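Quick notes on the structure that follows.
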Amino acid sequence: MEKLFDTHCHLTLGELAPDGTAAWERARADGVTEALVVGIDAATSTAVLAFVHAHENLWAAVGIHPNDTGAATAADFETIRSLAADSRVRAIGETGLDFYRDTSAAAVQETSLRWHSELALELGKPLVLHIREAYAPTAKVIEPYVSRGLRAVLHCFGGNPQDLHPFLEWGFFISFSGIITYPKGENVRAAAREVPIERCLVETDAPWLAPVPFRGKRNEPAHVVHTARELARVKGLAEADVFRQTTANAHAFLGIV
């Protein structure tokens, strides 16, 4: 099997917290050769960086999730800034706007998104965007940073084809999760048909959103294979080509040579 890159997982969170190392070993045995492990606040980002330093072929993203911005302190943001300078940190986030859950005020989320965007530009690293029911507001907030060279991925895309814009025009990557395999995921499959394969990434968002045939169970990086296979089916491409291209895309996006 071709090599495969899980571009978004949480090996130190939830049900995977006590089993992260074993889950990563299972993934490697199944041909998943690299992964981006993502933090959601200062504490988890600190844990993520320690985890990736203890394992081969893992990279980190550090940031404060939009749903956690309401509880974040100035010290938390400074912790993220300090962690982000590490060479194993290849992306900033996840950050963005989430108007589905009412856990943090919109203005607070927007301020955080601007802060993360500035940090990404300062360090020359891409942004991992979490967007839920807020595609147009997110585009409005980050447009000034795009003109300054901001690069980003729309992680775990769950919108409709029209939600891809203006992000595709900006050259952003679009990452597909297990949602693309769900019976009710036709909106995501329709969007995937519009995204050039050169802009596609695949992810698990483990331990959540397990793809079919594991839906309802704990997700882990090994399962990204099923998402990549469905992406290939939807786009009418050979599985090996999708595996190869999405891995190359991940390397390009994260600056891995």
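Quick one: would you say Arg218 is over 20 Å from Cys9 (Cβ atoms) and either among the small types (Gly, Ala, Ser) or in contact (Cβ under 8 Å) with a residue 12 or more places away in the chain (or both)? Write out each step before concluding.
Numbers: over 20 Å from Cys9 (Cβ atoms): no; either among the small types (Gly, Ala, Ser) or in contact (Cβ under 8 Å) with a residue 12 or more places away in the chain (or both): yes.
No; evaluated as a whole, the condition is false for this residue.
Return the pair list, or none, for Cβ contacts closer than 9 Å from residues in region 88-116 that are in contact (Cβ under 8 Å) with a residue 60 or more places away in the chain to residues that are assigned to a helix (DSSP H, G or I) and aromatic (Phe, Trp, Tyr), at least 6 apart or on different chains. Between residues of region 88-116 that are in contact (Cβ under 8 Å) with a residue 60 or more places away in the chain and residues that are assigned to a helix (DSSP H, G or I) and aromatic (Phe, Trp, Tyr), the close pairs are Arg90/Phe253; Ala91/Phe253.
Buried (at least 16 other Cβ atoms within 10 Å of the Cβ), touching a helix residue (DSSP H, G or I) at 6+ places or on another chain (Cβ under 8 Å) and within 20 Å of Thr111 (Cβ to Cβ): is that true of Gly70 in this structure? It is false that Gly70 is buried (at least 16 other Cβ atoms within 10 Å of the Cβ), touching a helix residue (DSSP H, G or I) at 6+ places or on another chain (Cβ under 8 Å) and within 20 Å of Thr111 (Cβ to Cβ).
Here Val48 fulfils each of the conditions (1) closer than 26 Å to Val242 by Cβ; (2) out of contact with any Asp or Glu (no Cβ under 9 Å at 6 or more places or on another chain); (3) surrounded by 23 or more Cβ atoms within 10 Å (Cβ to Cβ) apart from (1).
Close contacts from region 159-188, counting a first residue that is within 17 Å of Pro126 (Cα to Cα) and a second that is part of a helix (DSSP H, G or I) and of a type in the set (Phe, Trp, Tyr), with Cβ to Cβ under 7 Å and a gap of 6+ residues or different chains, come to Phe173/Phe253. Applying the set (1) on the phi < 0 side of the Ramachandran plot; (2) outside any strand (DSSP E or B); (3) not β-branched (Val, Ile, Thr) to Leu129 leaves exactly one unmet item: (2). Condition first: among the small types (Gly, Ala, Ser), surrounded by 20 or more Cβ atoms within 10 Å (Cβ to Cβ) and over 11 Å from Leu127 (Cβ atoms). Now tell me which residues in region 141-158 satisfy that. The answer is Gly158, and nothing else.
Every number in this text was worked out from the coordinates using simple rules, so none of it is lab data. Nothing here was measured: the structure is a model prediction, and the numbers come from that model. Quick reminder, even Gly has a Cβ in these numbers, built from the backbone with ideal geometry, and neighbours come from all protein chains shown.
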